[in-house]
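To keep things clear, I will list the structure first and then write my remarks on it.
The values are calculated or read from the model by the stated rules, or taken from the named source; none is laboratory data. Predicted, not measured: the structure shown is a model, and the values here were computed from it. No Cβ is skipped: glycine too gets one built from the backbone with ideal geometry, and neighbour counts run over all protein chains shown. Side chains are part of the model used for accessible areas, which takes the heavy atoms of the whole protein and leaves out ligands, DNA and RNA. Shrake-Rupley method; radii C 1.70, N 1.55, O 1.52, S 1.80 Å.
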Amino acid sequence: MKVVAIVGSIRKESYNMQLAKFIQKRYTEKFELEVLSLRDLPMYDQDIENEAPQTVLDFKAKVKAADAVLWITPEYNGTVPGVMVNAIDWLSRVDKVMIGKPSFMMGASMGNLGTVKAQLHLRDILFSPGINSPLLSGNDVYIGAVHTKFDTEGNLTDEGTVKFLDSVFENFLNWVKNYI
Ligand SMILES: Cc1cc2nc3c(=O)[nH]c(=O)nc-3n(C[C@H](O)[C@H](O)[C@H](O)COP(=O)(O)O)c2cc1C
C-alpha cells in the first residue's frame, strides 16, 4: 500500500515533519509512506490553474498515485496553517485528485490540546466538494506538548503516544483496504 503524507509545516525542525518521518520508519514493513514537501508549492492562483507550474503537477501526480493520504498538521492561530490550505486548494481544482481517496489525519502542537481546533477545521475542508475524501473516524490523534515528546534525534520517546499510534495505524490499514 502506498500512502503520501502531507505535512503542514515547512520549517526545518518541524515536530510534525519529525512525526511523519517517525511513522515512515516505524511502519516501513506495513506500508510505503512518501513524505511530500510543501516548501516549493506556489500560492494557489485561479488565473494559472489550467497551466499550473510543474511543481504543482508533480505534487498532484504523487497524491493521485497514492492509495491514501495522511494529513499531519500543526495548529496556527487555532486553525490549519496556510501552507496546508494552499496545497488543498491546488488539489481541489482542475484534476480533483482527492475525490474518493481515503484520508487519515493527525497533528502535533506545543499546546495541550494538540491541534484539536485545526483538525476540526481540516475535517470540514476535506469534506468540501472539490476534495470529498472519506476520513477515518474514531481514531483521533492529538499530540499535545510535542516539544516534550521527541528527543534531539527526532525519535518519538513518549511510550504512550507510540503505543497509541501502533493501534491507530492498525485500524487505518484495515480501513483503507475497503477503498483499494
Ligand atoms: C503562527 C503560529 C501560530 C501558532 N498557533 C498555535 C495554536 O493556535 N495552537 C497551538 O497549540 N500552538 C500554536 N502555535 C505553536 C505550535 O504548536 C508550534 O510552533 C509547533 O511546533 C508548530 O508545529 P511544527 O513544529 O510542526 O512546525 C503557533 C505557532 C505559530 C508559529
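Of note:
- Structure remark: mean-square fluctuation, Gaussian network model of the chain, C-alpha springs under 10 Å; the largest value among ILE48, ILE143, ILE23 belongs to ILE48.
- Taking the Cα centre of the stretch 90-180 as origin and assigning +1 to Lys and Arg Cβ atoms and -1 to Asp and Glu Cβ atoms, the resulting dipole is close to 480 debye.
- Under 5 Å, built H, 5+ apart or other chain: amide partners of THR79: none
- Neighbourhood net charge (14 Å Cβ-Cβ; Lys/Arg +1, Asp/Glu -1) for PHE31: -1
- Separation of the stretch 62-126 and the stretch 1-52, taken as the distance between their Cα centroids, equals 10 angstrom.
- Longest site-free stretch - the chain; sites: GluC sites (Glu not before Pro), DSSP loop, at most 15 other Cβ within 10 Å: 30-152
- Accessible area of the chain divided out per residue, in Å², using a probe of 1.4 angstrom: 50
- Candidates GLY160, GLY111, GLY130, ranked by Gaussian network fluctuation over the chain, Cα under 10 Å, top entry: GLY160
- Stokes-Einstein diffusion coefficient of the chain, Kirkwood radius over Cα pairs, 4 °C, 1.567 mPa s, in µm²/s: 79
- Sequence-separation-based contact order of the chain, relative, with Cα cut under 8 Å and 6+ spacing, percent: 22
- Helix 116-126 axis, angle to the chain major axis (alpha carbon atoms, nearest 10°): 30
- GNM result for the chain, Cα springs below 10 Å: residue of VAL141, VAL162, VAL80 fluctuating most strongly: VAL162
- On Cα atoms only, tilt of 159-176 relative to the major axis of the chain in degrees: 40
- Taking 25 Å as the limit for the C-alpha separation, the pairs LYS12/LYS62; LYS12/LYS101; LYS2/LYS60; LYS62/LYS163; LYS30/LYS96; LYS21/LYS96 exceed it in the case of LYS12/LYS101; LYS62/LYS163; LYS30/LYS96; LYS21/LYS96.
- Rounded to the nearest 20 debye, the dipole magnitude of the chain is 240 debye, with +1 charges on Lys and Arg beta carbons, -1 on Asp and Glu beta carbons, and the Cα centre as origin.
- Carbon plus sulfur fraction of accessible area for the chain, probe 1.4 Å, in percent: 49
- The angle separating the long axis of helix 82-91 from the principal Cα axis of greatest extent in the chain is about 50 degrees.
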